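Some notes on the structure that comes next.
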C-alpha cells in the first residue's frame, strides 16, 4: 500500500466500510497503528468497527446461501422442464416444444421460432415486434445476429431512449428502427404503413400484456408468415375469453386479467388464415403459421386443446432458461 497521510488512510478505511469490507478496513487500521504507533483516533476507529466483523461474516454467509438456493432452484426448474418434455406426447416429430431454447428470448421462444423457419424457410428476413421492453430480452434480438432487420415498438419513453443508445450500431446500419408508440386498434395500420415494410414480412410478435387479441384482429396491411402472440394460460380450452378492449390499458397494475384465452386467439387466427402450431412450455406465447405454408409440417389436430400449455412461469423464474451472464449488447466485429 503506498504511503498515506492519516486523513487519506481514514478515508480509505471508510471506503472499505461502505463496500462492506470490514476485515480489509481492520487490516489497514492495524497496519497503520503498527507504523504510526499509538494513535488515539485510529485506535478508537478500530475499536468501533470490531463489532461489525460478525455482520460481515453473516453477510458473506447470506450471500453464499442465496447463491446456493438460486442454483438449487435452477436445477429443480431444469429437471421439471426435462420431465415435462419426457412425456411421450412430445415425441411426435411434428411438435415443436422439444426445440425450445433461450438465447435472448424471455423463455424458450428463440428455439421454437428457429425450428418454424427451418421447416417453412424464410423470405425477406423482416420482423415487426410490439412490446419489446428494453430490447435485451425479446423474440427478435437473436434474429438480428442472423442478418434479419425490422422494427421494434414500445410505449415507454425510457425504454426507447435506452434502446436508441444501446442498439445504435444496428440503427446506424439501418437494420433496426426503434419507435416509441402506444399501440391501439384505431391507429395500428397507419403506424405500420409508415415503416414501408414488405406486405409479407416473415415474423410478427405481439406482447403488450392486454390488447394483443384486438391489435392482431385489426392488422390488415401486412400478412406475416409467422405470428407469435401472448395468451393468458390461466384460461384453458375450451374457454372463450377476451378482456374488454381498453385503449389506455397499462401493465403498471399487472394482474391475471389480461389478454385472451388460447381458444379465442386460435379461432381468431383461423379466421385470419393462420394455423396454431405450438405453445411454449411456460404457457406464455402461442405460435401461428400462415395456413398456406403449413403443408403437414406441424402437429395436427392444430387445436387449442391439443397444443395448449398451462401457466408454468416457475420454470422461467426458477432459472431453467438462464443463459450465462446478464444480457447486454455491443458492437461485434465480424472477423
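Read-outs throughout are calculated quantities, based only on the coordinates presented, and are distinct from any laboratory measurement. What you see is a predicted model, and the numbers here were worked out from it, not measured in a lab. A quick note on method: Cβ atoms are made from the backbone with ideal geometry, for glycine too, and the neighbour counts reach across all protein chains shown.
For segment 34-193, just say rounded, prolate or oblate: build the C-alpha gyration tensor, square-root its eigenvalues into a ≥ b ≥ c, call rounded for a/c under 1.5, and beyond that prolate if a/b exceeds b/c, oblate if not. Write out the running numbers ahead of the final one.
Details: a/c = 3.43, a/b = 1.70, b/c = 2.01.
It comes out oblate by the Cα gyration axes.
How many angstrom lie between the Cα centre of segment 259-326 and the Cα centre of segment 122-192?
Cα centroid to Cα centroid, the span is 22 Å.
Please build a GNM for the chain, connecting alpha carbons under 10 Å apart, and tell me which residue among 142, 85, 58 fluctuates the most.
58
Take the chain, compute every pairwise Cα distance, and split them into 10 Å bins from 0; I just need the percent in each bin.
That works out to 5, 21, 26, 18, 10, 9, 7, 3, 0, in percent per bin.
Counting only DSSP beta bridges with both residues in the chain, tell me the antiparallel percent, nearest 5.
40 percent
Please find, in a Gaussian network model of the chain (springs between Cα atoms separated by less than 10 Å), the residue of 129, 300, 263 whose mean-square fluctuation is greatest.
Looking only at 129, 300, 263, the largest GNM fluctuation is found for 300.
Say we join alpha carbon atoms closer than 10 Å with springs in a Gaussian network model of the chain; which of 30, 146, 194 then has the biggest fluctuation?
Among 30, 146, 194, the largest mean-square fluctuation in the Gaussian network model of the chain belongs to 30.
Given all pairs of different Cα atoms, what value in angstroms does the Kirkwood hydrodynamic radius of segment 195-290 take? Don't jump to the answer; show the numbers that get you there.
Values: mean 1/r = 0.0732 Å⁻¹.
Hydrodynamic radius (Kirkwood, Cα pairs) of segment 195-290 is 13.7 Å.
Could you please rank 182, 332, 152, placing first whichever residue has the fewest other Cβ atoms within 10 Å of its Cβ?
Numbers: 182 14, 332 8, 152 27.
Neighbour counts put them in this order, fewest first: 332, 182, 152.
With a/c under 1.5 counting as rounded, go ahead and sort segment 85-148 into rounded, prolate or oblate using the C-alpha gyration tensor (a ≥ b ≥ c being the square roots of the eigenvalues; past the cut-off, prolate if a/b is larger than b/c, else oblate). Intermediate values should be presented prior to the final figure.
Details: a/c = 2.86, a/b = 1.53, b/c = 1.87.
Verdict is oblate for segment 85-148.
Which of rounded, prolate, oblate describes segment 261-335, given a ≥ b ≥ c as roots of the alpha-carbon gyration tensor eigenvalues and a/c under 1.5 marking rounded, otherwise prolate only if a/b is larger than b/c?
oblate
If one computes P(r) from the Cα atoms of segment 1-74, what percent of pairs lie at distances over 17 Å? Intermediate values should be presented prior to the final figure.
Details: 1324 of 2701 pairs.
Distances greater than 17 Å cover 49 percent of the Cα pairs.
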